[in-house]
């Protein structure tokens, strides 16, 4: 009786746990993200480019051919095994060769392979044709963010960094993510492109190998330090489309999303105009002489956006990442050592030449006067400009 009671109690506990899990899952439920992943997704992303549509057609075309071959081969094999068993009185046929059969099992597979290869080759060739682009953008992979530079076409000269939204990083690090549809896909600055225009993406990297992937566009291209690769897409509809770095690139690989916003031609022109006005307004005079407090406040923002991911908000670092709080280089009276470190990098520390002179001067000033570092030292943008030469 006691044994039965124990079993019933165990079953009730299991049922309660299952119900609790189901309730928690329902509370945490998210919806499909247009342009991004769907809940319980089993198929490829809906295609918004011709190339992506061709890839999906090829996927099903080849899968069907392979499935038919699999079923036919194993069907004949198992039929022969069961139907022609010795135990039911069948005797093996006695023959040595058949020219017709040998020709058939050579020619038929060859034809099947050719039928599979022709459309696949056509699509691969189209994927690699990056000529005659309407807009060329360089995508640079950093640990752990993307840098976008508009090199040619409408918007030429625009450049910015795209980083995971700080609220999503905080949710992840707390271990209590909120049920948001775009969890770990929201960025501060999305890549913006016009609809129905050929966009060439040139990929490279500043530190380790990354990969630029947007499934809805059917593109994935490695970004390799010291090498330049390229890919392209032509989005056929406006909207927001999401991807991720698809190459394991370090401890915060999951914090490297890609958000592409496709706008109409009119809206894109307005965006370009707004970006150029904003860039002009933010442009700093490299000859300006800053006060320590003002530059340190600017540096705090630069640090939060670019440095805190590795060195931590408290400057203590983590694992192989060295601490800035109490660092000998940071506290050294020779400002040139830290300037050289930021401009050229060293070991696991990447170079940060893409930051402006004012941004580098600001973040160095901030680190030299934060936490236990109370050096009172001030680095001016002019110092950075001189060091770049």
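Bear in mind these aren't lab numbers, they're just calculated from the coordinates by the rules spelled out. Keep in mind the model is a prediction, meaning the values are calculated, not measured. Cβ sites come from the backbone with ideal geometry, for glycine too, and all protein chains shown count toward neighbours.
Could you tell me what percent of the DSSP beta bridges with both partners in the chain are antiparallel, to the nearest 5?
Among the beta bridges of the chain, antiparallel pairing accounts for roughly 75 percent.
Which of 97, 236, 359 ends up with the largest GNM mean-square fluctuation for the chain, with Cα atoms connected below 10 Å?
Fluctuation is largest for 97.
For the chain, just the Cα set please: Rg and Dmax, both in angstrom.
Rg, Dmax (Cα atoms, Å): 29.3, 101.
Give, in whole angstrom and from largest to smallest, the semi-axes √(5λ) of the equivalent ellipsoid of the range 23-117, with λ running over the eigenvalues of the Cα gyration tensor. Write out the running numbers ahead of the final one.
Working: eigenvalues 422, 113, 5 Å².
The three semi-axes for the range 23-117 are 46, 24, 5 Å.
Which order results if 136, 121 are arranged by neighbouring Cβ count within 10 Å, fewest first?
121, 136
What's the angle, to the nearest 10 degrees (0 to 90), between helix 265-282's Cα axis and the longest principal axis of the chain?
Relative to the chain, helix 265-282 is tipped by roughly 30 degrees.
Please give the length that would be gained between residue 281 and residue 333 if that part of the chain were fully extended, namely 0.36 nm times their separation in residues minus their C-alpha to C-alpha distance (nm, one decimal).
15.3 nm
Any chance you could give the angle, 0 to 90 degrees and rounded to 10, that helix 335-344 forms with the longest Cα principal axis of the chain?
30 degrees
Who wins for biggest fluctuation among 61, 241, 70 in a Gaussian network model of the chain, springs between alpha carbons below 10 Å?
70
Among 245, 307, which comes first, second and so on when ranked by fewest other beta-carbon atoms within 10 Å?
Taking fewest neighbouring Cβ atoms as first place, the list is 307, 245.
Order of 325, 293 from fewest to most other C-beta atoms within 10 Å? Present the calculation step by step, with values, prior to reporting the outcome.
On the way: 325 17, 293 11.
Result, fewest neighbours first: 293, 325.
Per the Kirkwood definition applied to all pairs of different Cα atoms, how many angstroms is the hydrodynamic radius of the range 163-224?
Answer for the range 163-224: a Kirkwood hydrodynamic radius of 14.1 Å.
To the nearest 500 deg cm²/dmol, what mean residue ellipticity at 222 nm is calculated for the chain from DSSP H runs of n ≥ 4 alone, each contributing -39,500 (n - 2.57), summed and divided by the residues?
-14500 deg cm²/dmol
Rounded to whole Å and sorted largest first, list the principal axis extents of the Cα atoms in the range 209-338.
Here the Cα extents, ordered largest to smallest, are 56, 37, 26 Å.
Would you work out if the range 104-163 is rounded, prolate or oblate? Take a ≥ b ≥ c from the square roots of the eigenvalues of the alpha-carbon gyration tensor; rounded if a/c is under 1.5, else prolate when a/b is larger than b/c, oblate otherwise.
Details: a/c = 8.21, a/b = 2.69, b/c = 3.05.
Oblate.
State, as an integer percentage, the relative contact order of the range 145-218 based on alpha-carbon contacts under 8 Å between residues 6 or more apart.
About 22 percent, as a whole number.
Which angle from 0 to 90°, rounded to the nearest 10, does the C-alpha axis of helix 357-368 make with the longest principal axis of the chain?
With rounding to tens, the tilt is 80 degrees.
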